[in-house]
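> This is the structure, below, for whatever I ask next.
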Amino acid sequence: MPEPRELRNLVPFEVLAVVAIAVLPLPEQVPVALPLLVAGSLSRWVRGRSWADLARGPAAGATAGALAGAFALAAALLAGAPVIESLVQRAVEWSAHPLVRGNASMLVMFAVYVVATAVSTELALRGWIVERVLELSPGPPVLPVLVGAIAEALVTPGDLAARLGGGLFGVGLGWIYAAGGRNLLAPICARVVFELGVVLLEALRVIG
């Protein structure tokens, strides 16, 4: 059933919300996932939707997502980082939580923070932005995946290398979401495994 016109009229405001969150400065203690999650929750609430609607599909989807996250981390370390470094002529800076190096208690604390942020980010980017474009543009999910990747690049903190990496990561997560029957558990597990892997490697001083 086509979406009512009054709800389709919300789209410009949703786009504006994403752009505003991406460009407006936020306090250092506030992860960008938080305002994105608030905006996405409001959008879904207005349209009579809940996040629980997207937690569907077999548990195998979550396992596949976790394996994809581990593969993505290996690919990023071995292939992605060198390519991006050659494009921007500078080293990729992986370090996001330097306090975890050699500190087990800080590792546990930041692991909890990383999981919460990863879940919030996927709810907002795949569960709201990609899902919204899928609802409005039936057919192959190329456009929704690209829109989600662009949003990922916009909200990724850091320099051009970080944003390029974020965009590529967003393409992969969007494809996992769309190809997995729009099961949000798969990209959530992929992101959690990837980002926890980065924190663990940082704690072990493998990356910096």
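The values are calculated or read from the model by the stated rules, or taken from the named source; none is laboratory data. All figures in this text were calculated on a predicted structure; none of them were measured in a lab. Cβ atoms come from the backbone with ideal geometry, glycine included; neighbour counts cover every protein chain shown.
> Tell me whether segment 57-73 contains one or more residues that are surrounded by 15 or more Cβ atoms within 10 Å (Cβ to Cβ), farther than 13 Å from F194 by Cα and modelled with pLDDT under 85.
yes
> Taking the residues in segment 81-94 that are of a type in the set (G, A, S) and at pLDDT below 70 as candidates, determine which candidate is farthest from R191 (Cα to Cα). Step through it out loud before you land on a result.
Residues of segment 81-94 that are of a type in the set (G, A, S), as a first pass: 81, 86, 91.
Subset that is at pLDDT below 70: 81, 91.
Values: A81: 17, A91: 23 Å.
Here the answer is A91.
> So, in segment 38-70, exactly how many residues are in a helix (DSSP H, G or I), closer than 17 Å to L173 by Cα and under 18 Å from the mean Cα position of the chain (by Cα)?
Final tally of qualifying residues: 11.
> If you take the residues in segment 181-190 that are buried (at least 22 other Cβ atoms within 10 Å of the Cβ) and small (G, A, S), which one is farthest from A79 (Cα to Cα)?
A186
> Pull out all pairs, ordered by first then second residue, where Cβ-Cβ is under 7 Å, the residues are six or more apart or on different chains, the first lies in segment 170-193 and is in contact (Cβ under 8 Å) with a residue 40 or more places away in the chain and of a type in the set (S, T, Y), and the second is in a helix (DSSP H, G or I) and crowded, with 21+ Cβ neighbours inside 10 Å.
From residues that are in contact (Cβ under 8 Å) with a residue 40 or more places away in the chain and of a type in the set (S, T, Y), the pairs are Y177/R126; Y177/V130; Y177/A186; Y177/P187.
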